[in-house]
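All remarks here apply to the structure that follows.
What follows is calculated from the coordinates using simple rules that are stated; it is not laboratory data. As the structure is a prediction and not an experimental result, all values here were calculated from the model. In this analysis, Cβ positions are derived from the backbone assuming ideal geometry, glycine residues included, and neighbour counts consider all displayed protein chains.
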Amino acid sequence: MPEPTPSQDDPFADLFSKLPDPSARTAVHSGLRAASSGHRPEEPAARDGSTAADAAPNPTPAVPLSRRAAREAAAAATGATPVHGAPAHESAESAPIQPPVRAWATPVQPESAPEPPHEPDLDPDPEPAFDPEAPAPALPYARTGGIRLPDAAATPQPGGGVEGEQRRATHPVPTTSLDDLFAGRASTDAVGAPPPPPDKRKRRIGGWIALGIVLVLLGGVTAGGWYVWTTYESQIRAFMGWEEPKDYEDGLANGEVFVTIVSGDTGRTISTSLYEAGVTKTSSAFYDYLVDTAQNPPFVPGVFKLQKRMTSEAALAAIMDPANKQEHTAQLREGLTVADSLGILSESLGIPLADFEAAIADPAQFGVPVDPAIVAAGGQPLEGWLFPATYTFDPGVTAQQVVQTLVDRTVKSLDAASVPVDDRQRILTIASIIQREARFEDDFYKVSRVIQNRLDPGNQETFGLLQMDSTAQYGFGEMHDGTVSSSQEALDDPNPWNTYVHPGLPIGPIANPGDVAIDAAMHPADGDWLYFVTVNLETGETVFTSNLADHNRAVAQWQDWCKANPDSGC
């Protein structure tokens, strides 16, 4: 009984029988290499123990020198009929199937073999069609770390630079596929080459991007926290119990200052005067002390010598001590009007108020220019010219002498700030607004810049009016009513000092400016500010902004503070 054919026994046998025989191809390759080196390769044994030489009727000792001759020799060795473009052993069904030999493996060569003569190739084949029987090109390899890897120089890779060359030299990109493996054109080593390592430059760029995102997030959280703190600091402190003490501690008093008390002053107004002179820590400290201790002492008008950084208790004791009252001494603080100044001078020096009123009836005698428009509007040409300072006079001094001393002191300050003679009145007008609007010296120069920016012709379309509350309050007569806000009546009053009604500067000064205000009027700070608002009347914190949206937020912050401090003079 005949044995069943492979196709009858196993449906896959016929398929595998048609696969190329790597052993036969390896034998041919080995023969070629052996011929080129002067050695004869060992013939592979078949399954029955015979060799290809035994099966060949007339073995030819000479090794062919062309691939076509090699194919014919292989066909002769296996006893198959050669077919151009097809494996020679496919027609031999009984050809043994040997395990594939790696392309880079070099068979063992015999120690000695006769070197056949070299014969010319009479049938060259320069451009053959694809031949699966052709030997696979040997891939050059490089040894790295004990692992055999394809040489980077054999396979060009994209990229450049030293780093890219090193990466390609040690980690080549695979150039073969599974089809090449099954067709016998490549080995498993070539197919399984490891992928290239990740690009370190991209990793570094990704790291910097991640760091940038983290910094942006941290900056946003910080900015948001700062905005919340500056907007609701007093409420947060009250809620958390972090309120700063309103009064100084004992043992911090130092220096020497003078504080003036005039007729009609109360605990609230004296509390503000003490704070502005640097005696108490906050504007309400002295008044709160009087309320907490239920005291209502009779205050005597005059100038009193005190110290800076005193407790409210120590300040009250110093004011009530007659030894601290200065004789023939008068103190005028910044921001007072002529009417306020004359009352303080009269009480401090013991000179009748009528004498001072008669002395100022003729401002020209003091070297002050008289503006007819101010006189026609009912104003005082000496407004802004009575310099604020502490003065001590000899007994018997006259009202006219006192006024001249104050005017001369103003001229001295104008000259120190390099104010031209014909520009003194304008600078005093600007300085008087700065004096009434700002609280701290640094803010003086910023307020001056706001005034200059609003008066700039380029901003007239946006700001046709200066709109300073102090000017409206002065013209309407509510400058010293105890509040910082202007009434609607004051804002609408058409007096020539009201910058809510009339463009440009007011007709003249509105108060007596000091040295800092005069210098700030001449040398404003650099900035693009167009708005400002004091958001905390107790500390004097002022916010300067360059656009209306930010200004409105600052106004809301001030309104919140006023709601939390209803008795603060808003």
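What net charge is computed for the residues neighbouring MET320, neighbours being all others with C-beta under 15 Å from the C-beta of MET320, Lys and Arg scored +1, Asp and Glu -1?
Every neighbour counted, the sum reads -1.
About its Cα centre, how strong a charge dipole does the range 220-303 have in debye, to the nearest 20, once Lys and Arg get +1 and Asp and Glu get -1 at the Cβ?
Approximately 220 debye in magnitude.
Given labels modelled 7 Å from the Cα in the Cβ direction, how far is it in nm from VAL375 to HIS480?
2.6 nm
If you place +1 on the Cβ of every Lys and Arg, -1 on the Cβ of every Asp and Glu, and leave all else neutral, what size is the dipole of the range 325-372 about its Cα centre, to the nearest 20 Debye?
160 debye
May I ask you to derive the FRET efficiency for ASP526 and VAL216 from their Cβ-Cβ distance with R0 = 22 Å, giving the value to the nearest 0.05?
0.15
Specify whether the C-alpha gyration tensor of the range 515-560 places it in the rounded, prolate or oblate class, a ≥ b ≥ c being the square roots of the eigenvalues: rounded for a/c under 1.5, otherwise prolate if a/b is larger than b/c and oblate if not.
The shape class here is oblate.
Please give the peptides 548-559, 307-318 ranked by average Cβ packing (other Cβ atoms within 10 Å per residue), highest first, as a rough proxy for protection.
Per-residue Cβ counts within 10 Å, averaged per peptide and sorted highest first, yield 307-318, 548-559.
Please find the FRET efficiency linking PHE463 to GLU249, where r is the Cβ-Cβ separation and R0 is fixed at 45 Å, and quote it to the nearest 0.05.
Plugging the Cβ-Cβ distance into 1/(1 + (r/R0)^6) gives 0.45.
If each residue of separation counts as 0.36 nm, what is the full-extension length gain between GLU441 and ALA323 once their alpha-carbon separation is subtracted?
That works out to 39.2 nm of additional length.
With a 10 Å radius around each residue's Cβ, average the other Cβ atoms per peptide and rank 357-365, 473-481, highest first.
My ranking of the peptides, most packed first, is 473-481, 357-365.
Going by amide H atoms built from the backbone, whose H comes under 5 Å of the H on VAL257, apart from near neighbours?
Excluding prolines and chain starts, which carry no amide H, the hits are LEU306, GLN307, LYS308.
What lysines sit close enough to LYS246 to cross-link, taking a C-alpha to C-alpha distance under 17 Å and skipping anything fewer than 8 places away on the same chain?
LYS281, LYS308
Go ahead and run the numbers for FRET between THR230 and GLU276, Cβ-Cβ distance against an R0 of 22 Å, rounding to 0.05.
That gives a FRET efficiency of 0.40.
Separation between the ASP408 and ASP394 pseudo-spin-labels, each 7 Å from Cα along Cα→Cβ, expressed in nm?
Once both label points are built, they end up 1.2 nm from each other.
Please compute the modelled spin-label separation between TRP208 and ALA223, points set 7 Å along Cα→Cβ, answer in nm with one decimal.
Output for this residue pair reads 2.2 nm.
Given 0.36 nm per residue, what is the gain on full extension from ASP422 to LYS305 after removing their alpha carbon distance, in nm?
Taking ASP422 through LYS305 to full extension adds about 38.3 nm, to one decimal.
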